[in-house]
Amino acid sequence: MLNEAVDPTLDDAREAGGEALRERIAAELLAARERTAGLTALEDHDLTAQHSPLMSPLVWDLAHIGNQEELWLLRNIGGRDPMHPEIDPLYDAFEHPRAERPKLPLLPPAEARAYAHEVRGRALDLLAATPLDGPSPLLRDGFAFGMIVQHEQQHDETMLITHQLRRGPVALTAPEPPDTRTGPLPSEVLVPAGPFTMGTDTEPWALDNERPAHRVELAAYHLDTTPVTNGAYQRFIADGGYDDPRWWTAAGWEHRQQAGLTAPLFWRREGGEWLRRRFGVTEPVPADEPVLHVSWYEADAYARWAGRRLPTEAEWEKAARFDPATGRSRRYPWGDQDPTAELANLGQRHLRPAPAGSYPAGQSPYGVRQLMGDVWEWTASDFRPYPGFRAWPYEEYSEVFFGPEYKVLRGGCFAAAPVASRGTFRNWDYPIRRQIFSGFRTARDAEQG
Ligand SMILES: [Fe+2]
């Protein structure tokens, strides 16, 4: 699967003026659609089947992508009439939970493809004819187009999760991530006390929950240099971590008991060896790779067992963005440059995380590795609005999810597109969730004085 970061960078494209920005948007739309096509290149029965009650049939995602593009670009911006008003309710994510979607009279695969294709053609015409520097905040820097690109890429990640849950012959392949590890690394780094700027006012395609930029004061802390590995996680299992309520929150222990958790999702033990299923292939669990498919409860229990804790969201972001040399928060751990294949494992270029300690070129000024890409990282934090938050362009984007029932994940993963991954980007999910590409790293308070 090819999904390279598109050049030039978004900032360069803005500075070069309207035409370069249009070209950038068109290239991002194309990259997203190529990825969608690759993920839906299956027989019709595979597209209409529900591979897990946790997920929609792939054909639902396909038409929903087209429907959101029609709503936001063609109708909201272009002022066009609905193409098929009767299908809108079918593809409203708030109207039908995933488990019910297979029973809906969904567009069959060929019609879903044709609909998404038709919408895209009209959206490209609209892009060519629409000024992107006018007063409308929805159009400024092409925001609405950027939102739609990110929406499609996020559904591509969701569809990749469906592929991971799917049974049957292997449908996806990708090259192995390169092993770019260098020398032994310290197990943790110290981030000294002090303020930093969290969130953004300037990132053109940042979503409402990433705004506004605000100053946060943090005490000194230590953060793991790399995400927690399968090998380390196996020691937690071998030490009876799943059977010791001391390491679990009350809610976590209750869930562990009720769901019968004994290991990460997709793992099983055979003849004294841990195996895992990954996109249809069963293989030994690689000890040096970041652990994947763990819930927040499991990540939190591991951290307590290790005598540590999950980092807060602010601690994660400071380690990923703050440059102590200039006092500035940057877009990414390595600086302001858009992600490339040398900097981070993003965009479904590979179908697994790279070994812990990879991507030296992408490390942060504090020497923290793999903050972007590889695995989403659970943080200790609930999903809350930043001070001064304003819902935009609609309340259902983030506001309806704020509260203690969701935990924040940071940093993207191998399945997240570069265009939907930023140092400020916030993902959120239930603490029981683990079919997502979730891992974690741990932290501890620095000693006083
Ligand atoms: Fe959606």
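The values are calculated or read from the model by the stated rules, or taken from the named source; none is laboratory data. Just so it is clear, the model here is predicted, and its values are computed rather than measured. No Cβ is skipped: glycine too gets one built from the backbone with ideal geometry, and neighbour counts run over all protein chains shown. Each accessible area value is taken on the protein alone, full model and side chains, heavy atoms only, with ligands, DNA and RNA left out. Shrake-Rupley method; radii C 1.70, N 1.55, O 1.52, S 1.80 Å.
When the stretch 302-317 is examined, which residues are found to be over 17 Å from the mean Cα position of the chain (by Cα) and not β-branched (V, I, T)?
As a first pass, look at the stretch 302-317 and keep what is over 17 Å from the mean Cα position of the chain (by Cα): 302-312, 314-315.
Matches in the stretch 302-317: Y302, A303, R304, W305, A306, G307, R308, R309, L310, P311, A314, E315.
Out of the stretch 429-449, which residues are crowded, with 22+ Cβ neighbours inside 10 Å, not in a loop (DSSP other than H, G, I, E, B) and not hydroxyl-bearing (S, T, Y)? Step through it out loud before you land on a result.
Filtering the stretch 429-449 for residues crowded, with 22+ Cβ neighbours inside 10 Å gives 434, 436-443.
Still in the running and not in a loop (DSSP other than H, G, I, E, B): 438-439, 443.
Of everything in the stretch 429-449, those that are crowded, with 22+ Cβ neighbours inside 10 Å, not in a loop (DSSP other than H, G, I, E, B) and not hydroxyl-bearing (S, T, Y) turn out to be G439, A443.
Just a yes or no: is a residue in the stretch 223-232 of a type in the set (S, T, Y) and in contact with a helix residue (DSSP H, G or I) (Cβ under 8 Å, 6 or more places away or on another chain)?
Initial filter on the stretch 223-232 (of a type in the set (S, T, Y)): 225-226, 229.
Cutting the leftovers down to in contact with a helix residue (DSSP H, G or I) (Cβ under 8 Å, 6 or more places away or on another chain) gives us none.
No - not one qualifying residue is present in the stretch 223-232.
Could you pull out the residue among L58, L74 that is crowded, with 17+ Cβ neighbours inside 10 Å, in contact (Cβ under 8 Å) with a residue 40 or more places away in the chain and within 15 Å of the ligand (Cβ to nearest atom)? Step through it out loud before you land on a result.
On the way: L74 fails: within 15 Å of the ligand (Cβ to nearest atom).
None of the other options fit; the residue is L58.
Could you check, for the stretch 260-282, whether at least one of its residues is closer than 22 Å to R422 by Cα and either among the aliphatic types (A, V, I, L, M) or at pLDDT below 95 (or both)? Spell out the reasoning first.
Filtering the stretch 260-282 down to residues closer than 22 Å to R422 by Cα leaves none.
The answer is no, given that none of the residues of the stretch 260-282 is closer than 22 Å to R422 by Cα and either among the aliphatic types (A, V, I, L, M) or at pLDDT below 95 (or both).
Could you tell me whether the stretch 30-39 includes any residue that is part of a helix (DSSP H, G or I), within 15 Å of the ligand (Cβ to nearest atom), in contact (Cβ under 8 Å) with a residue 24 or more places away in the chain and more than 21 Å from the chain's Cα centre (by Cα)?
No, every residue in the stretch 30-39 fails to be part of a helix (DSSP H, G or I), within 15 Å of the ligand (Cβ to nearest atom), in contact (Cβ under 8 Å) with a residue 24 or more places away in the chain and more than 21 Å from the chain's Cα centre (by Cα).
From the set of residues in the stretch 94-112 that are loosely packed, with under 15 Cβ neighbours inside 10 Å and small (G, A, S), which is farthest from the ligand (Cβ to nearest atom)?
A110
Could you tell me whether A123 is open to solvent by 30 Å² or more (accessible area, probe 1.4 Å) and at negative phi? Quick ask: steps written out before the conclusion?
On the way: open to solvent by 30 Å² or more (accessible area, probe 1.4 Å): no; at negative phi: yes.
No; evaluated as a whole, the condition is false for this residue.
Name the residues in the stretch 294-312 that are under 25 Å from I161 (Cα atoms) and open to solvent by 10 Å² or more (accessible area, probe 1.4 Å), would you?
Taking the stretch 294-312 first, the residues under 25 Å from I161 (Cα atoms) are 294-302, 310.
Residues satisfying the conditions are W296, Y297, D300, Y302.
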